[in-house]
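The values are calculated or read from the model by the stated rules, or taken from the named source; none is laboratory data. Being a predicted model, the structure only gives us computed values, none of them experimental. All Cβ positions, even for glycine, are placed from backbone atoms using ideal geometry, and neighbour counts span all protein chains on display.
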Amino acid sequence: MTYQDEYLKWRGDLVFCKETFSPVDMLIFSELVYSPLENVDPSCFGKKLGELFPLVYPDGVVDGTSSLDEELFYLWTQLREAPRFEEIRLVNFVSKFDVSEQMQFAAATFVFGDMMVIAFRGTDASIIGWKEDLNMGYETPIPSQTEAVAYIDSVSVRNKDIYLCGHSKGGNLAMYGGAFCKKPKRIKAIYSFDGPGFDDDILATNKWMATMEKVSSYIPESSIIGMILSHSCEYTIVKSDNVGIMQHDPFNWHIDAGRFEEVAETSFGSRLFRGTMQRFLASCPKEQRRVLVETVFKIIEASGATITNDIIPGLLRHLGDVKRILQEVPEEDKQALSQMGRIFADAGSTSFKLLMSKL
């Protein structure tokens, strides 16, 4: 049982007209958009969540393609029995995956009463999804950010208050879309859950500065993903059962009496990662960042992997190709590539050490 399940048992009987939505509700919407909504025939969107459940999971079981599958399945079973979510309808689901554009994007709108919540999906297990994430280090906007703006513009024709939310990359898309959509004044609030930040050029724009006061950002105490790039918003730090980068999984964030359980500061490992990453980005021009990202993904392509779980086995099978690619990298880029690799390796090592200390 997850903390969200306990939350629904505690507050699930209170409909939104009696007890207004909370940040925990926004996290639940952010999680729901990770569900395999692609299983649903487009003509069926507009139904209530309870009616959609058997369409999202037509076989009544999870397929195991996502690390969140079991938690999401159980969350749906709880939601369909909770009066709080009984009248919510899911509309306008969009999912786009384009290898040539290096884009992985999905969003859905949840409608109830006089308000609508737009939730953006974070990165899935696809290599293209992770490639697009790293592209944020040197490119703005990335294709998904452009899609997020277009999506908000397309659904904002409804005369309702608009709330945006998302976990991981979804949080970044919610923030970007809220700042650069055509009618930002329609946006009442934005919720980001461990979402990466932006290049400093974005943070300096008038559109972002006019939007940032609407943003509520939540990160786990050992945040890694949420420490990538720059942030200009204050964030709330949430206690988690997991360790290190595994705290990115929001189903393990502590919820007590309907509120996130907060801690005073991020962990040493999270602060170390952020400081090291900031120094690296400051010393690495955008063009060099582009070269590094392209090199990393040339290596991954050589592995034959299409999802992240296949990368290591694939690299072991194609060591010769990997060595050839690395030999072609200029020496200065090779040093920067090694530095970038150490930053992420150290983050993983910290997570492993913390895990072992708890066993």
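Conditions (1) surrounded by fewer than 12 Cβ atoms within 10 Å (Cβ to Cβ); (2) at pLDDT 70 or above; (3) farther than 19 Å from PHE297 by Cβ, marked per residue:
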position	(1), (2), (3)
ASP321	no, yes, no
ILE325	no, yes, no
VAL329	no, yes, no
THR350	no, no, yes
LEU354	no, no, yes
LEU359	yes, no, yes
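Could you check segment 226-337 for helices (runs of 4 or more DSSP H) lying wholly inside it with 3 or more residues that are hydrophobic (A, V, I, L, M, F, W, C) and touching a residue at least 24 places away in the same chain (Cβ under 8 Å)?
Passing ranges, in order: 268-283, 286-303.
Out of (1) of a type outside the set (Lys, Arg); (2) modelled with pLDDT under 85; (3) surrounded by 14 or more Cβ atoms within 10 Å (Cβ to Cβ), the odd one out for GLY64 is which?
It fails just one condition, (3).
Going through segment 95-120 one residue at a time, which ones are surrounded by fewer than 18 Cβ atoms within 10 Å (Cβ to Cβ) and assigned to a strand (DSSP E or B)?
SER95, LYS96, PHE97, ASP98, MET115, listed by residue number.
For segment 250-273, which positions are over 28 Å from VAL15 (Cβ atoms) and surrounded by fewer than 19 Cβ atoms within 10 Å (Cβ to Cβ)? Spell out the reasoning first.
Let us first name the residues in segment 250-273 that are over 28 Å from VAL15 (Cβ atoms), namely 263-273.
Correct list: VAL263, ALA264, GLU265, PHE268, ARG271, LEU272.
Between residues in segment 85-108 that are of a type in the set (A, V, I, L, M) and residues that are in a loop (DSSP other than H, G, I, E, B), which pairs lie under 7 Å by C-beta distance while being six or more apart or on different chains?
LEU90/PHE45; VAL91/PHE45; VAL91/GLY46; ALA106/VAL33; ALA106/ARG121; ALA107/VAL33; ALA107/ARG121; ALA108/VAL33
Across segment 206-229, what is the total count of residues that are under 24 Å from ASP249 (Cβ atoms) and surrounded by 17 or more Cβ atoms within 10 Å (Cβ to Cβ)?
Counting residues in segment 206-229 that are under 24 Å from ASP249 (Cβ atoms) and surrounded by 17 or more Cβ atoms within 10 Å (Cβ to Cβ) gives 14.
Only one of these is farther than 21 Å from GLY195 by Cα, crowded, with 21+ Cβ neighbours inside 10 Å and touching a strand residue (DSSP E or B) at 6+ places or on another chain (Cβ under 7 Å): LEU90, LEU164. Name it.
After applying the criteria, what remains is LEU90.
Looking at segment 155-175 only, could you name the residues that are assigned to a helix (DSSP H, G or I) and modelled with pLDDT of 95 or more?
Those that are assigned to a helix (DSSP H, G or I) and modelled with pLDDT of 95 or more: LYS169, GLY170, GLY171, ASN172, LEU173, ALA174, MET175.
Scanning for something part of a loop (DSSP other than H, G, I, E, B), within 21 Å of PHE21 (Cα to Cα) and touching a strand residue (DSSP E or B) at 6+ places or on another chain (Cβ under 7 Å), does segment 200-214 turn up at least one residue?
Checked segment 200-214: no residue is part of a loop (DSSP other than H, G, I, E, B), within 21 Å of PHE21 (Cα to Cα) and touching a strand residue (DSSP E or B) at 6+ places or on another chain (Cβ under 7 Å).
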